[in-house]
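S.K.: Quick one: the structure is below, and I'll ask about it shortly.
The values are calculated or read from the model by the stated rules, or taken from the named source; none is laboratory data. Note that the structure is a prediction, hence the values are computed from the model and not measured. Positions of Cβ are generated from backbone atoms using ideal geometry, with glycine treated the same way; all protein chains shown enter the neighbour counts. Remember, those area values only see protein heavy atoms, side chains included, never the ligands or the DNA or RNA. Shrake-Rupley method; radii C 1.70, N 1.55, O 1.52, S 1.80 Å.
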Amino acid sequence: MKFKMPTAYTILVAIIIVVAILTWIVPAGEYELGEDDAPIPGTYQELPEEETTPQGPFDVMMAPIRGFYDAIDVALFVLVIGGFLGVVMKTGAIDAGIAKVVETFKGRENWMIIILMALFSIGGSTYGMAEETIAFYPLILPVFIAAGYDAVTAVSVILLGAGVGVLGSTVNPFATGIASGFADVALGKGILIRLIMLVAGLILAILYTTRYAKKVKDDPSKSLVADMGESNKEYFLGKKDEGEFPELTGKRLFILVLFALTFAIMIYGVLPLEDFGIEAIPTLWWWFPELTALFLVAAIIIGFIHAFGEDDFGEEEFIDSFVTGAKDLLGVALIVGVSRGITVVMNAGNITSTVLHAGETTLSEAGRIPFIILTYLFYIPLSFLIPSTSGLATVSMPIMAPLGDFANVARSLVITAYQSASGIVNLVTPTSAVVMGGLAIGRVPYGKWLKYVWKFLVLIFIMTILALILGLYI
């Protein structure tokens, strides 16, 4: 029987069971807590045996349920974000906007590479644009192949563009947002270093893609899929998928403006302006309840605007598109609850502080730079094991973020290390539907993609480590 990697749910439940077993083995202990409920270094003490609470089968069964109760604000936020995106996608505004860019720059594909990669990266950084990119492969592939490029170039524009955006997530609610929630820091904390990483990663991706694209256009035999050149021309240029994309009307353009404005308001709501020395503008200190309300109201406003002049879009269609969008992210909300159950078991069994103490002891001799580099390296294999960014954040942040306190490293930088590692893995992991789906549509063999992208991964790896070290001093 061929081995198949289990789903994230199975992995998380298995971890809950293992952690429950560990509560019978690992000594229980606790820290004294400061005013912000953070553990105070040097105050760890083991609990007497009569105060220990090892977790049994019933506790394992209840862990995901209690996890949902603990993480209900995050799970609800995820569902409402899904509904918001469902409504926006229903209007066709995003599809029409990118299709308009492709149409405008047809014949100037070198500029199209730059603009499209910038747009995809903005989408990845702000709202975690990933699965949504699948729709654009049939539109972009024929354009690039007709212009003398190859399928690898088109796939690189989309996959690397959105991928570096997710890697350099500024306010991505599914990576940065969920991790910030479980690390107990403001979503806007650390946004400057993430913005630097986003810009640096995008520049590297554009230079890498344009260099390859020029080489292929000058000499098609240098294409990694040169053996498929003629068949790809016949396959893609015989399709007329461009017409399937909606027209960018004035209404859709206005919806795009509102879409961008919603994320701008979100950034203002979560940004700790006082940290930047801005005192004239009040800091709102919004958190998941306020952000959930923001996206709910924005969805309703966009739904009303789309309804004007549309005979087939009313109240029922709005609800359907909202619920469908929320349903698409139900799996993410479920993972948040299930993975939170791991923390529930650790806390109930009083071994969380013991794990932190082990980290404190290990890091007592290590400096800040070794800690942040090791954190990044730790998250790379963990991202393969738990490909869900939300699940990985929920599992690890309650442990890793306080470890940063002991090493005198900001929790926001620990989050940046996590999302960067997850981002680089999700450019190549074969367990990702985004990667494998995009390659399948582009008819690019997985081995050829690895051959194309491995040098870029090395560049991004080095850039990330340098940026994380820089983040220690910002």
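S.K.: How big is the dipole moment of the range 143-234 about its Cα centre under a simple scheme where the beta carbon of each Lys and Arg is +1, that of each Asp and Glu is -1, and everything else is neutral? Debye, nearest 20, please.
M.R.: 340 debye
S.K.: Using only the alpha-carbon atoms of the range 179-224 as identical scatterers, what base-10 log of I(q)/I(0) does the Debye formula give at q = 0.14, 0.21, 0.25 Å⁻¹?
M.R.: Result of the Debye calculation: -0.54, -0.74, -0.86.
S.K.: Just round it to a whole percent: the fraction of Cα-Cα distances in the range 111-158 exceeding 18 Å.
M.R.: 24 percent
S.K.: Let me ask you something else. Percentage of Cα-Cα pair distances in the range 65-163 greater than 21 Å, rounded to whole percent?
M.R.: 40 percent
S.K.: So, one more: Have a look at PRO220, LEU334, PRO402 and report the one farthest towards the positive end of the charge dipole of the chain, computed about the Cα centre with Cβ charges (Lys/Arg +1, Asp/Glu -1).
M.R.: PRO220
S.K.: Next question, about the same structure. Find, to one decimal place in angstroms, the Kirkwood hydrodynamic radius of the range 320-381, where the mean of 1/r is taken over every pair of different Cα atoms and then inverted.
M.R.: Hydrodynamic radius (Kirkwood, Cα only) of the range 320-381 equals 14.9 Å.
S.K.: So, with +1 on the Cβ of K and R and -1 on the Cβ of D and E, and no other charges, what is the size of the charge dipole of the range 44-106 about its Cα centre, to the nearest 20 debye?
M.R.: The dipole magnitude comes to about 920 debye.
S.K.: Further question: Among VAL344, TYR235, LEU296, pick out the residue whose Cα is farthest towards the positive end of the charge dipole of the chain, where Lys and Arg carry +1 and Asp and Glu carry -1 on C-beta, about the Cα centre.
M.R.: Ranked along the dipole, the leading option is TYR235.
S.K.: Follow-up. Could you give me D for the range 391-441, from Stokes-Einstein at 10 °C and 1.306 mPa s, where the hydrodynamic radius is the Kirkwood radius over C-alpha pairs? Units µm² s⁻¹, please.
M.R.: Rounded to a whole number, D works out at 128 µm²/s.
S.K.: Taking every alpha carbon pair in the range 375-418, what does the distance histogram look like in 10 angstrom bins from 0, in percent?
M.R.: 29, 59, 12
S.K.: Further question on the same structure: With bins 5 Å wide starting at 0, give me the P(r) of the range 146-189 over every alpha carbon pair, in whole percents.
M.R.: Histogramming the range 146-189 at 5 Å steps yields 5, 21, 19, 14, 11, 10, 8, 6, 4, 2, 0 percent.
S.K.: Let me ask something else about it. With an 8 Å cut-off on Cα pairs and a minimum separation of 6 or more residues, tell me the relative contact order of the range 1-147 in percent.
M.R.: 14 percent
S.K.: Please pull out the direction-averaged projected area of the range 289-342, using the convex hull of its alpha-carbon atoms, in nm² to one decimal place.
M.R.: That works out to 4.4 nm², a quarter of the Cα hull's surface.
S.K.: Here's a follow-up. Per DSSP helix of 4 or more residues, -39500 (n - 2.57); summed, then divided by the residues of the chain. What does that give at 222 nm, rounded to the nearest 500?
M.R.: Helix-only estimate at 222 nm: -22500 deg cm²/dmol.
S.K.: Using only the Cα atoms, what convex hull volume per residue in Å³ does the range 130-271 have?
M.R.: Measuring per residue, one finds 128 Å³ for the Cα hull of the range 130-271.
S.K.: Here is a further query. Starting from the coordinates of the alpha-carbon atoms of the range 326-474, obtain the Kirkwood hydrodynamic radius over all distinct pairs and give the value in Å to one decimal.
M.R.: One over the average 1/r among Cα pairs gives 16.9 Å for the range 326-474.
S.K.: Hey, what's the per residue convex hull volume over the C-alpha atoms of the range 429-469, in cubic angstrom?
M.R.: Convex hull volume per residue, Cα atoms: 74 Å³.
S.K.: Relative to the longest principal axis of the chain, what angle (0 to 90°, nearest 10) does the C-alpha long axis of helix 330-348 take?
M.R.: The angle comes out near 20 degrees.
S.K.: Sticking with this structure for a sec: If you average 1/r over all unlike Cα pairs in the range 202-335 and invert the result, what Kirkwood radius do you get in angstrom?
M.R.: Evaluated on the range 202-335, it is 20.1 Å.
S.K.: Related question: Taking all protein chains as present, what is the carbon and sulfur share of the accessible area of the chain, in % to the nearest whole number, probe 1.4 Å?
M.R.: In the chain, the share of accessible area belonging to carbon and sulfur is 66 percent.
S.K.: Now, a different point. Mind checking which of LEU192, GLY168, VAL257 is farthest towards the positive end of the range 167-272's charge dipole, using Cβ charges of +1 (Lys, Arg) and -1 (Asp, Glu) about the Cα centre?
M.R.: Looking along the dipole axis, the top candidate is LEU192.
S.K.: Determine the relative contact order of the chain: mean sequence separation of Cα pairs under 8 Å and six or more apart, normalised by residue count, in whole percent.
M.R.: Normalised by residue count, the contact order of the chain is 28 percent.
S.K.: Using the crude model of +1 on Lys and Arg Cβ and -1 on Asp and Glu Cβ, and no other charge, please compute the dipole size for the chain relative to its Cα centre, in debye to 20.
M.R.: About 2220 debye.
S.K.: Cα atoms only, the range 62-117: Rg and Dmax in Å?
M.R.: In Å, with Rg to one decimal and Dmax whole: 19.3, 59.
S.K.: Where only protein heavy atoms count, and the probe is 1.4 Å, what is the accessible area per residue for the chain in Å²?
M.R.: Using a 1.4 Å probe on heavy atoms only, each residue of the chain averages 45 Å².
S.K.: Computed on alpha carbon atoms, what radius of gyration and Dmax characterise the range 1-102, expressed in Å?
M.R.: So, for the range 1-102, Rg and Dmax equal 22.2, 69 Å respectively.
S.K.: Sticking with this structure for a sec: When only C-alpha pairs under 8 Å and at least 6 residues apart count, what is the relative contact order of the range 81-236, in percent?
M.R.: That works out to 26 percent.
S.K.: Let me ask something additional. Report the Cα centroid-to-centroid distance between the range 6-77 and the range 78-145 in angstrom, as an integer.
M.R.: The distance from the Cα centre of the range 6-77 to that of the range 78-145 comes to 41 Å.
S.K.: Rounded to whole Å and ordered largest first, report the semi-axes of the equivalent ellipsoid of the range 305-413 derived from its Cα gyration tensor (root of 5λ).
M.R.: Whole-Å semi-axes of the equivalent ellipsoid: 42, 17, 12.
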